[in-house]
Amino acid sequence: MSFPLVPDVATTPAEEIARILTDPGFGIHFTDHMALAIWTEAEGWHDDRIEGYHPLALGPAGAVLHYGQEIFEGLKAYRRQDGSVWLFRPDMNAARLNRSADRMTLPRLPEADFLAAIGGLVALDQAWVPEADEMSLYIRPFMFGSDQFLGVRSAAEVTFAAIASPCGPYFADGISPVKIWISTDLSRAGQGGTGAAKCGGNYAASLLATRQAQQQGCSQVLFTDAADHEWLEELGGMNVFLVTSDGRLLTPPTSGTILDGITRDSVMTLAPEFGLTVQERPISLSELLSGIGSRNVVEAFACGTAAVITPIGTFRLEREGKIEDFSLPEPFGPKTADLRRRLVDIQWGRTTDQFGWTTRVA
Ligand code: PLP
Ligand code: COI
């Protein structure tokens, strides 16, 4: 598919875009265009196009509204100092979309079509890619069952779309250390479930725990495993890492219940540059809490496309009816800062990208 432009769009005046880009927030403003394609059992993928950003028409019997057959991705476009615009590891998003599609019995979208949709959209809306530090264009590709039928089965018609939104930091406090609520009762995912897929239902399932986190004065929730509530998993929308005093970087294995983050993979690749030995292995809650107490665990951070690398200052949880805080010895420690700087320097093209992670689109 080539996603041709359907020319029907009055674009936003440059002064209005400039005003929005001074303080875009996260996920609030949307660019002038969107990519679309339809899949049917009979025709496969077809009707690919880029149109003006507009509401979708979906009948009330639309499959996704009833049974939630939906998946999505998140990636960013970054403007470099010379004005060019680049994506970070979009092939990984294309591959993960297809893993999610397999789990949710949605059709695979060939990687070339994913890249054509995203590249075409960003090139067209490049005026919306901010120049300022820590700001970028967040791209949200998604796919859902759009046929009109109330029987429970895999959708026979599916819509793929991609929209884009200029953004600054995900958390209201920018990149200062966040407080994280550890949920030991609600679960996000279980063995055999959809935890490793990027499907909307996982996020719906996380909202009550996120509300509890907010009621506890925390910005996000860290889930523990559904069976024992003893093993760390991930946050509602980010992966988690710990740094130990003896130079290890710990993160739980994805093992079916955790999203295989692209930032997570990038961090693990970069870690040895900073003298860190990566250990991808189960981490128990008691190892975390006693590790903070004994200053064996010195730094912690959350990471994801939206969150980049956000330092964790404090973990809060309820134990035996009491709310307890465990504050990291180094709330925005040197290893977190080194990894973050290296990652964003690659994303913004300020350092050599020996991995070939970045791709120019405009
Ligand atoms: N875990 C969850 C549940 C997420 O929603 C995200 C964000 O996409 C991540 C982890 C991090 O993934 P990535 O680094 O690919 O954005
Ligand atoms: C992303 O980082 O792309 C996500 O999907 C996470 C969400 C919290 C915005």
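The values are calculated or read from the model by the stated rules, or taken from the named source; none is laboratory data. Please read these numbers as outputs of a predicted model, since none were measured by experiment. Cβ coordinates were reconstructed from backbone atoms using ideal geometry, including for glycine residues, and neighbour counts include every protein chain displayed.
Please enumerate the residues belonging to the stretch 316-328 that are surrounded by fewer than 17 Cβ atoms within 10 Å (Cβ to Cβ) and in contact with a helix residue (DSSP H, G or I) (Cβ under 9 Å, 6 or more places away or on another chain). Within the stretch 316-328, 319, 324, 327 qualify. The set of residues in the stretch 297-337 that are over 21 Å from the mean Cα position of the chain (by Cα) and not in a strand (DSSP E or B) comprises 320, 321, 328, 329, 330, 331, 332, 333, 334, 335. So if I check each of 137, 75, which one is within 16 Å of ligand 2 (Cβ to nearest atom), over 24 Å from residue 13 (Cα atoms), under 16 Å from the mean Cα position of the chain (by Cα) and not hydroxyl-bearing (Ser, Thr, Tyr)? Every option except 75 fails the conditions. Exactly one residue out of 224, 194, 210 is crowded, with 18+ Cβ neighbours inside 10 Å and within 25 Å of residue 98 (Cβ to Cβ), and it is 194. How about the stretch 286-308: which of its residues are more than 30 Å from residue 88 (Cα to Cα) and among the polar types (S, T, N, Q)? Those that are more than 30 Å from residue 88 (Cα to Cα) and among the polar types (S, T, N, Q): 286, 290, 294, 296.
Here residue 237 clears all of (1) surrounded by 22 or more Cβ atoms within 10 Å (Cβ to Cβ); (2) within 13 Å of ligand 2 (Cβ to nearest atom) except the condition numbered (1). Take the conditions within 15 Å of ligand 1 (Cβ to nearest atom) and either crowded, with 17+ Cβ neighbours inside 10 Å or modelled with pLDDT of 95 or more (or both) and apply them to residue 232. Does it pass? In short, yes. Of all residues in the stretch 93-125, exactly one satisfies the criterion of being surrounded by fewer than 18 Cβ atoms within 10 Å (Cβ to Cβ) and within 30 Å of residue 23 (Cβ to Cβ), namely 123.
Mind checking whether some residue in the stretch 259-275 is more than 21 Å from residue 335 (Cα to Cα) and not in a helix (DSSP H, G or I)? Yes - at least one qualifying residue is present in the stretch 259-275. Does residue 117 satisfy the criteria of being aliphatic (A, V, I, L, M) and either more than 27 Å from residue 257 (Cα to Cα) or in a strand (DSSP E or B) (or both)? In short, yes.
Across the stretch 39-59, the qualifying residues are those that are hydrophobic (A, V, I, L, M, F, W, C) and buried (at least 17 other Cβ atoms within 10 Å of the Cβ), and the one among them that is nearest to residue 154 (Cα to Cα) is 39. What strands (runs of 3 or more DSSP E), lying completely within the stretch 1-97, carry at least 3 residues that are farther than 29 Å from residue 264 by Cβ? Passing ranges, in order: 33-40, 44-52.
Of the candidates 106, 87, the single residue that is under 19 Å from the mean Cα position of the chain (by Cα) and at pLDDT 95 or above is 87. Conditions first: (1) surrounded by fewer than 22 Cβ atoms within 10 Å (Cβ to Cβ); (2) within 16 Å of ligand 1 (Cβ to nearest atom). Residue 242 passes all but one, so which condition is the exception? Tallying (1) surrounded by fewer than 22 Cβ atoms within 10 Å (Cβ to Cβ); (2) within 16 Å of ligand 1 (Cβ to nearest atom), residue 242 fails exactly one: (1). Remark: pairs (first residue in the stretch 213-226, over 19 Å from residue 239 (Cα atoms); second residue basic (Lys, Arg) and modelled with pLDDT of 95 or more; Cβ separation under 9 Å; 6+ apart in sequence or on different chains) = 216/179; 216/316; 217/179; 217/316.
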